[in-house]
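The values are calculated or read from the model by the stated rules, or taken from the named source; none is laboratory data. What you are looking at is a predicted structure, and each value in this text was computed from that prediction instead of being measured. Quick reminder, even Gly has a Cβ in these numbers, built from the backbone with ideal geometry, and neighbours come from all protein chains shown.
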Ligand code: HEM
């Protein structure tokens with residue numbers, strides 16, 4: 001007998017187990033009912049049941065991932081692709097041929113087309129438009145007059161995205177139409193995601209008709225934008241030109257449908273997310289005047305009273321931390337989904353082929369296991385000496401991996417600049433009739449935020 005043969009066998013990795021079923025099912029509706037009733041609380045409690053848990057949504061079993069490490073693993077593992085209830089629901093809006101819903105070689109090709117417009121070195125080129133739009137808000141908002149933040153934030157986001165990326169003068173009428181259409185469409189998409197009641201959504205009920213009208217207007221709007229550019233004969237160096245001139249894998253021009261879906265896939269996530277982030281920033285500044293004062297002081301000490309500019313952004317460390325902290329507590333994208341391409345494991349749990357996986361940046365970014373005083377608005381937690389203690393993937397409002405939002409630098413620049421410009425001039429108060437409770441749709445925003453800008 002050799003020494004080798006008496007060595008105890010190496011312990012085998014435990015066989016992958018089925019994840020536990022989350023509590024709180026409603027007969028017939030599964031967990032969907034609770035997801036509709038109080039989705040943020042529901043998602044935030046799931047980690048108490050495990051790092052991966054099973055949910056029943058209608059007839060389907062969906063897997064929820066609840067720990068930061070496993071959301072990172074999920075986003076980086078090619079065994080999972082973009083699909084699942086969120087994306088199926090979004091396909092009705094974004095189309096099947098845009099970058100946000102494509103997978104595999106088509107997705108890689110599309111990312112190559114759009115990426116140059118979002119590269120770090122491309123962002124300063126957008127500086128003058130961002131400055132103009134941020135300062136235009138400070139002029140447009142009159143001291144003491146009530147500001148409807150939903151419309152104003154949307155308008156700002158649409159104008160920045162359209163003017164920077166599509167070089168269009170898509171002025172107020174189009175911003176308003178886009179805002180109205182997207183509000184209705186995103187709410188309807190969310191309902192279809194959590195309560196997949198198929199044929200019921202085809203009945204001619206007022207809510208369904210309103211949804212269909214909004215969706216049709218959205219597509220019409222995009223057709224108008226493309227037709228206008230073609231009719232102008234102009235080919236500025238922008239994202240729209242890149243899309244109009246893009247080629248498929250064979251070197252042929254991409255089809256009309258893909259161009260349309262690509263414009264939708266840029267404009268819609270670009271406006272809804274930034275608008276939500278601006279609303280939550282205004283809510284935070286109104287709720288916490290001491291933080292507004294610190295932002296004002298930082299801007300003033302840097303600019304000495306001149307209008308804050310794009311070149312100041314990288315020196316506005318505290319203002320940037322206010323933006324990040326606001327996005328931690330209220331991430332615009334509060335829920336994401338993936339689908340398992342093959343049978344696989346995640347965190348020692350078996351995930352069958354075709355399974356839908358869901359996770360919530362909102363729940364992850366508020367988890368007491370990752371953040372001390374987790375519900376407190378504390379921008380200083382992003383100072384380098386404290387930020388290093390935040391677990392990996394516990395703060396990923398733009399996502400991780402090959403599906404990470406292309407617009408992280410673009411968005412952070414405009415959000416920091418608009419926060420600085422507004423706060424240098426005004427402090428904010430919520431007014432009667434304002435309702436800042438979260439309104440949960442495909443994005444997260446306040447129900448109806450009304451603020452009054454006041455001179456300092
Ligand atoms: C506060 C602002 C924003 C936030 C928080 C945000 C967040 C996100 C997140 C979480 C994803 C999905 C990541 C995933 O599935 O793992 C995403 C994807 C995407 N975002 Fe953003 N986004 C923002 C602004 C924008 C803007 C301004 C644009 C364009 C103008 C944009 C365009 C896109 C596109 C095209 C995708 C799909 C990328 C792909 O699948 O390859 N986003 N964003």
Per-region count, the range 240-278, residues modelled with pLDDT of 90 or more and within 11 Å of the ligand (Cβ to nearest atom)
6
Out of the residues in the range 152-193 meeting the condition of being within 18 Å of residue 426 (Cβ to Cβ) and either modelled with pLDDT under 85 or more than 13 Å from the ligand (Cβ to nearest atom) (or both), tell me which one is surrounded by the most Cβ atoms within 10 Å (Cβ to Cβ).
155
Filtered residues of the range 407-442 (kept if within 14 Å of the ligand (Cβ to nearest atom) and either at pLDDT below 95 or over 22 Å from residue 136 (Cα atoms) (or both))
407, 408, 442
Look at residue 322 and say whether it is within 26 Å of residue 41 (Cβ to Cβ), more than 18 Å from the chain's Cα centre (by Cα) and more than 10 Å from the ligand (Cβ to nearest atom).
no
Of those in the range 114-136 that are in contact with a helix residue (DSSP H, G or I) (Cβ under 7 Å, 6 or more places away or on another chain) and within 11 Å of the ligand (Cβ to nearest atom), the residue nearest to residue 247 (Cα to Cα) is 114
Taking residue 270 as the residue in question, decide whether it is surrounded by fewer than 17 Cβ atoms within 10 Å (Cβ to Cβ) and touching a residue at least 60 places away in the same chain (Cβ under 8 Å).
no
Give just the number: which of (1) modelled with pLDDT under 80; (2) assigned to a helix (DSSP H, G or I); (3) in contact with a helix residue (DSSP H, G or I) (Cβ under 7 Å, 6 or more places away or on another chain) does residue 4 not satisfy?
(3)
If the requirement is being modelled with pLDDT of 90 or more and part of a loop (DSSP other than H, G, I, E, B), which of these qualifies: 128, 143, 196?
143
Check on residue 385, surrounded by fewer than 16 Cβ atoms within 10 Å (Cβ to Cβ) and either in a helix (DSSP H, G or I) or near the ligand (Cβ under 9 Å from one of its atoms) (or both)
yes
Filter result (surrounded by fewer than 21 Cβ atoms within 10 Å (Cβ to Cβ) and out of contact with any strand residue (DSSP E or B) (no Cβ under 9 Å at 6 or more places or on another chain)) within the range 55-83
69, 72, 76, 78
I'm told residue 43 meets every condition in (1) part of a helix (DSSP H, G or I); (2) over 20 Å from the mean Cα position of the chain (by Cα); (3) more than 12 Å from the ligand (Cβ to nearest atom); (4) in contact (Cβ under 8 Å) with a residue 24 or more places away in the chain except one. Can you identify the failing condition by its number?
(2)
Cβ pairs under 7 Å, 6+ apart or interchain, first in the range 73-91 and under 24 Å from residue 260 (Cβ atoms) and at pLDDT 70 or above, second assigned to a loop (DSSP other than H, G, I, E, B) and more than 10 Å from the ligand (Cβ to nearest atom), ordered by first then second residue, are 81/341
Within the range 171-181, identify whether any single residue is out of contact with any helix residue (DSSP H, G or I) (no Cβ under 8 Å at 6 or more places or on another chain) and farther than 30 Å from residue 312 by Cα, and answer yes or no.
yes
Which of the residues belonging to the range 388-406 are within 16 Å of the ligand (Cβ to nearest atom) and within 20 Å of residue 321 (Cβ to Cβ)?
392, 393, 394, 395, 396, 397, 398, 405
Residue by residue through the range 305-323, note down the ones that are over 17 Å from residue 123 (Cβ atoms) and either in a helix (DSSP H, G or I) or modelled with pLDDT under 95 (or both).
305, 317, 318, 321, 322
